[in-house]
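Chemist: Mind looking over this structure? Questions follow.
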Amino acid sequence: MPLALLALAVSAFGIGTTEFVMMGLLPNVAGDLGTSVPTAGHLVSAYAIGVVIGAPLLTALGSRVPRKRMLVLLMALFVVGNLASALAPGFGWLIAGRVLAGLPHGAFFGVGAVVAARLVPEDRQARAVATMFLGLTVANILGVPAATLLGQHLGWRATFLVVTVIGLLAMAALARLVPYVPVESHQSLGREMRALRRPQVLLGLLTAVFGFAGVFAVYSYLASMTTEVMGFGESSVTLVLALFGIGMTAGALAAGPLTDRALRPTLYGSLGALAVVLVAFRFTIHVPWLALATVVVLGAVGFMTTTPLQMLVMNKAKDAPTLASASNHSAFNLANAGGAWAGGAAVAAGWGWTSPTLVGAGLAVLGLAIAAVAGVADRTGRTADGASRVVAGSPPAAAPERVSGPSTPASGS
């Protein structure tokens with residue numbers, strides 16, 4: 001494994017910690033700032049809004065900046081945002097700090113995914129991208145539970161100070177380990193924008209928005225579900241978050257080779273499994289040991305969707321993948337914001353703490369339906385392409401869709 005992938009994973013660890021730790025700290029922040037848990041849930045949405053705005057904006061502004069320098073600058077902005085969150089004097093300022101911390105998220109992973117894919121041979125690119133995302137999943141095993149425990153004992157501000165330090169360490173790792181990666185000579189903002197408007201790219205982004213929202217409809221309120229429904233004490237929240245992180249890591253590890261082998265089947269299977277597990281969680285949550293087991297499985301199937309969605313968008317964007325890759329993280333965080341809002345609305349309506357599970361299942365099914373429509377359209381397009389190649393005397397390949405490099409057109413794109 002190239003050491004540069006380790007630097008990217010360390011950065012992802014810091015980003016994942018600050019993104020997901022708010023779910024475990026919602027009760028603490030709400031109590032400290034004198035608001036309700038559903039209202040404090042807007043802090044999850046605030047970070048997601050920062051990602052949605054920052055991904056296309058910062059990617060466009062940095063389109064001519066060498067990749068290594070761009071990654072370091074984005075991590076510096078991440079550090080400033082977390083320091084602002086730690087020092088926020090009130091709820092409104094904390095909202096602003098969360099937006100600022102979220103701004104570099106999508107652009108970082110968009111650029112980072114392209115860099116990771118170019119560090120390895122073509123047949124290992126999905127695994128390279130999955131390795132970077134392992135930082136996110138390990139954050140949920142170690143970073144988020146530890147940061148939640150720290151916040152419960154020393155206050156939530158201490159959590160963001162620690163994340164600030166992690167960001168500084170990540171900046172040093174990027175500067176030291178990532179090689180110089182120039183901007184491609186053919187790349188331009190206009191080319192990237194045209195790639196982003198391709199129907200298959202847009203359908204991939206919509207799949208992420210609705211399908212992944214199913215995860216966050218539940219995960220955003222997992223801390224409250226732990227204490228209000230499962231019957232555990234506040235000290236057990238860190239254990240439940242760690243179990244979710246273990247599932248995430250297992251899902252990310254499985255997603256890389258599965259996506260390299262068969263992209264769309266991996267995507268269909270993970271979204272379908274997500275819907276089933278969310279419905280099951282509605283019932284298993286009342287039995288403590290079954291609830292804990294379901295949390296692990298939920299983390300696995302939920303984050304098994306991320307790698308195929310990322311590679312699908314990069315493939316369909318062909319030779320201009322950076323903005324599309326970054327926009328995919330805007331889509332993921334629209335899912336975060338939308339899922340948190342939908343789950344919170346169900347709770348606020350008086351439907352109970354288990355209601356987000358069914359809301360999430362419905363969102364996952366909608367994402368699967370969009371993915372299926374995109375798959376049919378893609379297959380129809382490839383059939384038409386194949387017919388024209390037969391006439392020309394060159395028969396179409398019958399192999400299933402595989403991942404190809406971001407600078408190489410995917411089969412059937």
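The values are calculated or read from the model by the stated rules, or taken from the named source; none is laboratory data. Small disclaimer: the values here were computed from a predicted structure and weren't measured. Glycine also receives a Cβ, built like all others from the backbone with ideal geometry; neighbour counts cover every protein chain displayed. Remember, those area values only see protein heavy atoms, side chains included, never the ligands or the DNA or RNA. Shrake-Rupley method; radii C 1.70, N 1.55, O 1.52, S 1.80 Å.
Chemist: Based on the inverse mean of 1/r over its pairs of different Cα atoms, what is the Kirkwood hydrodynamic radius of the stretch 149-297, in Å?
Modeler: It is 19.1 Å.
Chemist: Shifting gears a bit: Any chance you could give the angle, 0 to 90 degrees and rounded to 10, that helix 3-33 forms with the longest Cα principal axis of the chain?
Modeler: Orientation of helix 3-33: about 40 degrees from the principal axis.
Chemist: Then there's this: Considering only C-alpha atoms, what is the centroid distance from the stretch 277-292 to the stretch 319-367, in Å?
Modeler: 20 Å
Chemist: For the chain, which whole percent of the accessible surface, found with a 1.4 angstrom probe, sits on carbon and sulfur atoms?
Modeler: 71 percent
Chemist: Where in the stretch 103-211 are there trypsin sites (Lys or Arg not before Pro) that are in a DSSP coil and have at most 12 other Cβ atoms within 10 angstrom of their Cβ?
Modeler: Arg197
Chemist: Applying the Karplus parametrisation 6.51 cos²θ - 1.76 cosθ + 1.60 with θ = phi - 60° to the phi angles of the stretch 108-113, what ³J(HN,Hα) value in whole Hz is obtained for each residue in order, glycine and proline being reported as x?
Modeler: Working through the residues one at a time gives 4, 6, x, 5, x, 5 Hz.
Chemist: Now for a separate question. Take every Cα pair under 8 Å in the chain that's 6+ residues apart, average their separations, divide by the length, and report that relative contact order as a whole percent.
Modeler: 25 percent
Chemist: Continuing with this model, one more query. Whole number please: convex hull volume per residue, Cα atoms of the stretch 40-117, in Å³.
Modeler: For the stretch 40-117, the hull spanned by Cα atoms encloses 78 Å³ per residue.
Chemist: Follow-up question, since we're still on this one. Could you list log10 I(q)/I(0) for the chain at q = 0.09, 0.11, 0.12 Å⁻¹, which the Debye formula gives when each Cα is one point scatterer?
Modeler: Debye intensities relative to I(0), on a log10 scale: -0.49, -0.74, -0.88.
Chemist: A further question follows. Just check the stretch 124-235 against the gyration tensor rule for me: Cα atoms, a ≥ b ≥ c as the square roots of the eigenvalues, rounded for a/c under 1.5, and otherwise prolate or oblate depending on whether a/b exceeds b/c.
Modeler: Oblate is the answer for the stretch 124-235, as a/c is 1.5 or above yet b/c matches or exceeds a/b.
Chemist: Further question: Using a Gaussian network model of the chain whose springs link C-alpha atoms within less than 10 Å, name the residue from Gly214, Gly360, Gly375 with the highest mean-square fluctuation.
Modeler: Gly375
Chemist: Still on this model: Connecting C-alpha atoms closer than 10 Å in a GNM of the chain, tell me which of Ser63, Ser11, Ser327 has the biggest fluctuation.
Modeler: Ser63
Chemist: Which one, Val209, Val80, Val114, has the greatest fluctuation when you compute a Gaussian network model over the chain with C-alpha springs under 10 angstrom?
Modeler: Among Val209, Val80, Val114, the largest GNM mean-square fluctuation belongs to Val80.
Chemist: If you don't mind, there's one more thing I want to ask. From Cα pairs below 8 angstrom and at least 6 apart in sequence, can you work out the relative contact order of the stretch 224-332, rounded to a whole percent?
Modeler: Values: 117 pairs, mean separation 36.0, N = 109.
Relative contact order for the stretch 224-332 comes out at 33 percent.
Chemist: Sticking with this one: With runs of 4+ DSSP H residues as the only contributors, calculate the mean residue ellipticity of the chain at 222 nm using -39,500 (n - 2.57) per run, divided by the residue total and rounded to the nearest 500.
Modeler: Numbers: 17 runs with 324 residues, N = 413.
The helix contribution divided over the chain gives -27000 deg cm²/dmol.
Chemist: Continuing with the same structure: Ordered by packing density, taken as the mean number of other Cβ atoms within 10 Å over each peptide's residues, highest first, how do 216-229, 24-37 rank?
Modeler: Values: 216-229: 24.7, 24-37: 18.1.
The densest-packed peptide leads the list: 216-229, 24-37.
Chemist: Which value, in debye to the nearest 20, describes the size of the charge dipole of the stretch 47-205 about its Cα centre when Lys and Arg Cβ atoms bear +1, Asp and Glu Cβ atoms bear -1, and nothing else is charged? Please list the in-between numbers first.
Modeler: Working: 14 positive and 4 negative charges, 61 e Å.
It works out to roughly 300 debye.
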